[in-house]
Structures are given as C-alpha cells and as structure tokens.
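The values are calculated or read from the model by the stated rules, or taken from the named source; none is laboratory data. Since the model is a prediction, treat every value here as computed from it, not as a measurement. Positions of Cβ are generated from backbone atoms using ideal geometry, with glycine treated the same way; all protein chains shown enter the neighbour counts.
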Amino acid sequence: MKKIYLFGLAAISLASCKSKITPETPVKGNADFTTYVSVGNSLTSGYADGTLYRSGQLNSYPSMLAEQFKMVGGGDFLQPLLPGDAGYPSPKRVLGYSTDCTGVTALGPVYYSGTMDTAGSSTNIGAQGPFNNVGVPGIRCIDFSIAGYGFFNPYAKRFYASPTTERPIDEALKKRATFFTLWIGANDVLGYATSGGSGIVNGYGQSDISPLSVFTATYNMVVDSMTAHGAKGVLINIPDITTIPFFTTIPAKGLVLRQGQADSLSAAYHPVGISFTAGANYFIIQDTTSPVGFRQMHAGEYILLTTPQDSLKCAGWGSLKPIPKQYVLSADEVANVQTATTNFNQAIATAAQAHGLPVVDMNSYIKTLVSGITFNGVNFSTTYVTGGAFSLDGVHLTPRGYALAANYILLTINNTYKSTIPMIDVNKYSGLRFP
Amino acid sequence: MKKLCVSAIACFLYSTGAFGAGFQLNLQGLRQLAMANTGTAWPWDVSTIFYNPGGLSRLDGMQAYANINFVMPSIKYVQTPTGGYSAETKAQTFTPFNLYVGGTLKKHNKIGVGLGIYTPFGSGTKWDDNWQGRYINRSIALESYFIQPTVSYKINEKISVGAGFIYALGHVNIQQALPVQFANGNDGSGTLDGKANGVGYNLGIQVKPIKKLSVGITYRSQVKMTVDNGNATFVVPTSLAAEFPNTNFSTKLHLPGVFTLGVGYQFTPKLVVLADVEMTGWKVYDSLIFDYKTNTDQLADTHTPRLYQNTTAIRLGANYKVINSLSVMAGLAYDPSPVKDGYVSPELPDANRYVATVGATFSPIKKITILAAMEFVSSDKRDATFLPANFSGKYQSTAFTGGIGFAYHF
C-alpha cells in the first residue's frame, strides 16, 4: 500500500520537477529595426567560393542579421536571389579531387561540375524590388556616385531597377531604411592587391587603389544619404587583406629543395649572388626594378592563391623561372595596400564620428581570427580550407565565417543601441563540405 | 588550452567530466537516501557496508538487502545573454541498484562480515543530435559497479571498526559531433567507448560514547579507473578518413576520495536525527588526458584542464518510528559544486545542488523490511562558460529519484 502511495506522489512531483529557466526576451534598445537595408560589396551579397550563388545569398551575413532583428521587431528582408546554386557567372568552387602535373591526385578546390541551374540568372529582376540587400560584388566605395553603374557590373545589372541610369546609392535609398549596415571600401584596395599590384595608387581603374579624397567624399555622401531620414546603423571597416588566405596560403619561403636541387640552383644563380640550401627557400620572383629583372622573395611578401600550382610544381616557376609579378605582392605593394587600408579606415572612423554612428572594427576582428577563434567547440582560423572561416576563393567567407562576422556586428549594435539581440548560432550554418 | 589542439579542426573530446560531480550517486541505501544520504554514524542495516563498514559488527545477525533506484535527471540549457534558443536533455531513466549480504556472525557476534555491490557513480546526459553544443557533447553514459567485501570488528560496546576492499568496474560511452561536414551538410561524429577498472578501499569507525549518541568517521579512498584499449570510432567524409582513423585510446579517470564525519542522536525513543559532513577530494581531477594509439594532424592526444575544487557537503536527516513496524524519514542536504567558473561543460553542467528526501520502511513480518524513498535534487541556476570550447549559457539541472527495496533478516 505504501508503495502505491509513494509512486502516486512521485508522478505528481515529476511534473514540477523540471527546470523552468527561460531565455530573456531580446529588446531592441533605441534603434528601429523595422526596415533593415544592407549596403556593401561581395561580402554583403553572400559571395563565396569565387562566385555568387543562391544558397550563398541565403546565408549572407545581412540575411542572418535580419533573422535576428526579427526577434526585436525587424521586418521581412528581400534579397535579389539568383535562381540556382551553380554560381553566376562562373561556377563555384567545391572541394574535390584533381590530379596535378606530377600525377598526384589530391583533395583541393575544383570547379563545380553538377547541374548548371543558372538559366535566367542574367534576367533583370528590378521589378521585384526594391531590395533590402543591395550588396553588389565588385563594387567600390567610389562607384556609389556613378550614374549608370549597373551597365558595367553584371550583378548590379541584374537587380537595379534602372541599371543604366541609376547611381548605386539611389538603389540603396529606395527602401527607406530605419536601420542599415554599411560595409564598403574593401574593393578600393582589393583589386590592386589581387592583381599583384599591377595597377597604380590614386587611380580609377579596377586594379588601382582609389584616391583617398574621392573615397572620403563618396563615403561621406553615402553615409549622409543613408542617415538623411534618421536611420541608425553601423559602419564596418576594411580588413587588412594581407591576413586572408588568398595571400597567406602559399608561403614566400615555399620552395622546398633537396640538397642536389639546391646545389644546381645555387650554381645556376651564382652569377647574381643567390644561393639555395636544402629545405625551404624563398621563391624567385619577377621584379622589374631589379637590374636582372628578378630576385628572391623576402619575408612579408605574398604569393597569390591564384598562382598556377602546376607551374610551381612542374614548370620551374619560383626556381628556374621567376614567378610573374601579377602573382606576387611585393614589399612596396604590401605597403601601398596597408597604407591605403589605414587611410580608408581612418576616413570611415571620421565619418562615423561625424554622424554619431559606431564602427564595427572588422579589421581587428579578422586579425584575431589569424590566431584562431573557438565558437561552441569549433575552431576557426584564417587557414585555407582547414580554418573553416574562409571559402575556397580565399577572400570571401563560408556561411560560418559570415556568421562569425555577423555576431561581431551584433556585438557593436547591442553595445551602441542598448539592444539585446541574441548572438547567432554560427554552427547552424555550413562550413566547408568534404567529399 | 586552444594551443593544445590548434592543428586540429576539432578538439575532439572537450568533454568527459565522465566521473564528475553530477555523476556521483548518493543512493547506496534507501533508508539513508530518505534521510538525505546521512548514515555514517548509524548502522541502520547491512547497507552500512557502504556508509560505514565499522557499523557492520553492530548489526543483529545477518541480512540480505536489494534495492533498485529509478533516477530521472533533466538539464535545461538557455543561450545567454539573450536568445531564442534553449535545449533540454532527453528524458532517460537510470536504474542503479544495490545488493548487500552481511551482518554479524552467530558464534562471534563481535565480528561482522559482508559483501556489497553498489553503484557510486553513474547516470548520463543525452542532448538532441543537432543542439548548439553538439561539437562538445551529444551524449555521455556512465556505469560503474563497486564490489566490496568487508570485515568489521566491535572492539567493545563503544567502539567498532571496519574495512572493505573495493574492486571497481566501469563502462563509459561518449558521443559528439565533429565539425567536418559531409557534402550533404551532415556533421561527422566521434564515439569513445571503453571499459574501466580500478581498486580502492573503504574504512570506517563508529563510536558510541553514550547510549543516545553515535559518531562515525569514514574514508572511502580515491579509485583510479583505468581505461585501456577503449574504442575510438569516427564517422567522417571519405576524404578525411585517414585523418580520423578508428583507433584505441587509454585514459585514467580518478574517482575522488570521500571523508565523512557523521553524528547521530536519539532525541526520543522514536526520533533519531543524523548529520553528516562530507568532504570530497575532487581536486584529484585537475585534468583529463586522452591518449590515442594512432595520432594524426587532426587527432591529437588531448589534455583538458578541469581544475576541480574540493567540496564539503552538509546532510541532515531524521528517522521517526511511527509504530514498531513503520518508520518514516526525511532529509535535506546541500551539495556544493566542485566545478569552477569557466569549466562548466554541457555534458555535466554542474552547480550547487539542494536535496530534499522522504521515505518509509515497513516490516509486515519481523524478518522482512520493505523500503521506499524519494529524492528531489535541484541545482542553482548557473550562468557559465566552458572556456576550452568557448561555450556559454545558463543551466539548471534537476533530478528525481524513486527507490524501492527489500531486506531479509536471517
């Protein structure tokens, strides 16, 4: 009898047994997230793996932010989605197997070879807009005031309502944002860097570093326009791109030689006073300022990820022949990139101060990623492939990498606007996928 | 910590507080459980083999004792500082049991002998496969059985002593997701499964300076559980299979020593009140080392800091004899957490615990006693981060235990 009584009691107390702790309700603070507009370049569009594709767009950091904003009154977030996932205009890169010139088959980035579901990608969808995400791959800060910009850029051409007449800033203003993120400026220096410094400083070409005065004026115009109706937001600064895997994956001291190879190379280069040792040596690179047209690399110089691997392995690039200069970022070019990045970031900081807006110091954040970040048990770093944060193009991020960036943006938003928007579960999104 | 596994995509095995505090079961006797697990000072029945071997020679004759407990733990996790996310462990019922045979010999009633088989550590945690902490832990299950032959000697009416040898057997199974994704987006996973064994001892003394007062002191030694040739198995994309080879592992898990001082006082012929102070040497648990037979760039041996601190738990219980054949009990205990801030991990989100217990014993005939007890445990709400994995949240754990048992007096 006793037993039955006791277990009856047990059943009653079981119900009241479990913990009832609940998450605190997020608050919006003193910002209004009703209409969020994200202004930016490829990073904002969700570009990854060397191209733009639909699932990348769906996992763009603005899309993630909009999802969080919905918890504090944010509305729908419309993106100019592509119809397919193969990549537009070129196919995306995926991890796969390829055989190199030495006959070795290894895992690495290869072009996606699945279904080409890109039909209709170039069709203008401006009528479906205006869009909340106006991120355009390739766009520079100085492009924002150029009327008819959409004529030159296939991505802008896709979704601008009047691509041949509008300025990019016009498209950004159509939604009448109550809150915005602005992440522009990287392409004002990236084009120079990814072309191995083939352009000039203070130029207007795609491979040039934009003139600081034009950058500053255009940046201020964009911020003025975005805030003209009282919108609040955050300005995101430019990362030092020499920390990203596009520049750091192939080491300057990547010429690994056996003793015999070192001896014969030393003999060949004896007339110009370059010698080699068994083990790791600095590559030989083209240098037009050198009397002989080439020299050995130094620490702090970079070889681009796009350098053909087979040429390094089998065609004698970097040893018998210098690596062509368009694949090398030399010390003076690195200095140009870093000086420009510092100046542009200063212009962004000044604009922020003038408008009472916070700066998301993405530059510092990416630097912390160099030494590694752990989130919920997963390690992230700037290491190519295994770092998990950068996509296969070495410049843009994986969805998890974008989520880390989005969380860093959220931290600044919460701190500035006294909101308590929850952090994103980074690992809900995909990292790199392995075959 | 991060540096130790910087080469790895995943620091496999952040977790494994395996034999940690939340896994300490204080359920080795139902009457004692019903009194918040006091019992060091009072030899209620043959389960004193666990609670104080020194009490065994004070029993009146031989007894056989069996009981089973139904433990239903539950942990809730809430993302912090704010969030739309919370998770709860899946409902599971664990059934640790106790078996004791022993008592005083007929011819030499100053000598007590006995054998106990009990489960001092056990239980488990199971989260949803896709929960936010999956790369730290998906599930952990632990079983342990201590087998303890015991002798006891009553030096005189005031003092008795006892000692038991412990042979410990255990089994541990830990599962987690690995942050390497298949082409379809699914996570890789890893499982560690191993059997453990170890030895230890249990010493006790009971002193009855006056008739109504009894004092007990016990020391249950540390038990070093050794896992040799445990199985580490991985499910990963083919291209990474060479980096995550199925292999063996070995590790040592230190079950801490426990020193207990107990006092019992008979206020009236019907009412006995007991108090125990229990010091557990969790400090032995300062780190956890896993050694894999085959190491690769991605599968390195791990050395996880734990930095547990010693704890002192306080237990209070009372036994009230309603009639000769029926007694009722109740108890309260406070059991502080050995886990420091920064090391609270989701497989064992430990926090200070508050315990309330009730129970009853009933003897329908003189030779038979039926025992039943219930325990409710609730922890503090703890805002915590597990630094090695940078995993933060607020946790609260609760557990309900019901136990039923049977004793036969020869």
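One table, with the values for the structure above:
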| quantity | calculated |
| --- | --- |
| Evaluation of A:ALA127 against (1) under 29 Å from A:ILE238 (Cα atoms); (2) surrounded by fewer than 21 Cβ atoms within 10 Å (Cβ to Cβ); (3) of a type in the set (A, V, I, L, M, F, W, C); (4) more than 14 Å from chain B (Cβ to nearest Cβ) (one fails), failing number | (1) |
| Flag for A:GLY120 being assigned to a helix (DSSP H, G or I) and of a type in the set (Gly, Ala, Ser) | no |
| Some residue of the range A:238-253 being charged (D, E, K, R) and more than 30 Å from A:TYR384 (Cα to Cα) | no |
| Complete set of residues in the range B:152-186 that are within 14 Å of another protein chain (Cβ to nearest Cβ) and either in a strand (DSSP E or B) or touching a residue at least 24 places away in the same chain (Cβ under 8 Å) (or both) | B:ILE174, B:GLN175, B:GLN176, B:ALA177, B:LEU178, B:PRO179, B:VAL180, B:GLN181, B:PHE182, B:ALA183 |
| Qualifying residues in the range B:191-239 (those that are among the polar types (S, T, N, Q) and under 18 Å from B:PRO256 (Cα atoms)) - the one nearest to the other protein chains (Cβ to nearest Cβ) | B:THR226 |
| Residues being touching a Lys or Arg at 6+ places or on another chain (Cβ under 6 Å), surrounded by 24 or more Cβ atoms within 10 Å (Cβ to Cβ) and within 30 Å of B:ASP45 (Cα to Cα) - total across the range B:140-183 | 1 |
| Qualifying position, being modelled with pLDDT of 95 or more and at positive phi, among A:GLY191, A:GLY148, A:GLY197 | A:GLY148 |
| In the range B:375-402, the residues that are more than 7 Å from chain A (Cβ to nearest Cβ) and outside any strand (DSSP E or B) | B:ASP380, B:LEU387, B:PRO388 |
| Residue check for B:GLY198: under 19 Å from B:THR38 (Cα atoms), in a strand (DSSP E or B) and either out of contact with any helix residue (DSSP H, G or I) (no Cβ under 8 Å at 6 or more places or on another chain) or of a type in the set (D, E, K, R) (or both) | no |
| Qualifying positions in the range B:51-72 - within 14 Å of chain A (Cβ to nearest Cβ) and in contact with a Ser or Thr (Cβ under 6 Å, 6 or more places away or on another chain) | B:ILE68, B:ASN69, B:PHE70, B:VAL71, B:MET72 |
| One residue from A:GLY108, A:GLY150, A:GLY138, A:GLY129 being assigned by TED's automatic domain parsing to the domain that holds A:SER55 and closer than 24 Å to A:PHE33 by Cα | A:GLY129 |
| In the range B:57-88, the residues that are hydroxyl-bearing (Ser, Thr, Tyr), touching a residue at least 12 places away in the same chain (Cβ under 8 Å) and buried (at least 20 other Cβ atoms within 10 Å of the Cβ) | B:SER57, B:TYR65, B:TYR77 |
| Hits in the range A:152-187 - residues which are part of a helix (DSSP H, G or I) and touching a strand residue (DSSP E or B) at 6+ places or on another chain (Cβ under 7 Å) | A:TYR155, A:ALA172 |
| Breaking point among (1) more than 26 Å from B:GLN32 (Cβ to Cβ); (2) surrounded by 23 or more Cβ atoms within 10 Å (Cβ to Cβ); (3) in contact with a Gly (Cβ under 7 Å, 6 or more places away or on another chain), for B:ASN137 | (3) |
| Extreme residue, surrounded by the fewest Cβ atoms within 10 Å (Cβ to Cβ), among residues of the range B:335-374 that are hydroxyl-bearing (Ser, Thr, Tyr) and at the interface with another protein chain (Cβ under 10 Å from one of its Cβ atoms) | B:THR361 |
| Residues of the range B:285-300 that turn out to be surrounded by fewer than 17 Cβ atoms within 10 Å (Cβ to Cβ) and either on the phi > 0 side of the Ramachandran plot or of a type outside the set (S, T, N, Q) (or both), as a count | 5 |
| Residue count, the range A:369-406 (criterion: within 12 Å of another protein chain (Cβ to nearest Cβ) and of a type outside the set (Val, Ile, Thr)) | 14 |
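Residue-wise test of (1) out of contact with any Lys or Arg (no Cβ under 7 Å at 6 or more places or on another chain); (2) surrounded by fewer than 24 Cβ atoms within 10 Å (Cβ to Cβ); (3) more than 19 Å from A:LEU329 (Cβ to Cβ).
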site: A:LYS175; (1), (2), (3): yes, yes, yes
site: A:THR181; (1), (2), (3): yes, no, yes
site: A:ILE184; (1), (2), (3): yes, no, yes
site: A:TYR192; (1), (2), (3): yes, no, no
site: A:SER195; (1), (2), (3): yes, yes, no
site: A:SER198; (1), (2), (3): yes, yes, no
site: A:GLY205; (1), (2), (3): yes, yes, no
site: A:ILE209; (1), (2), (3): yes, no, no
site: A:LEU212; (1), (2), (3): yes, yes, yes
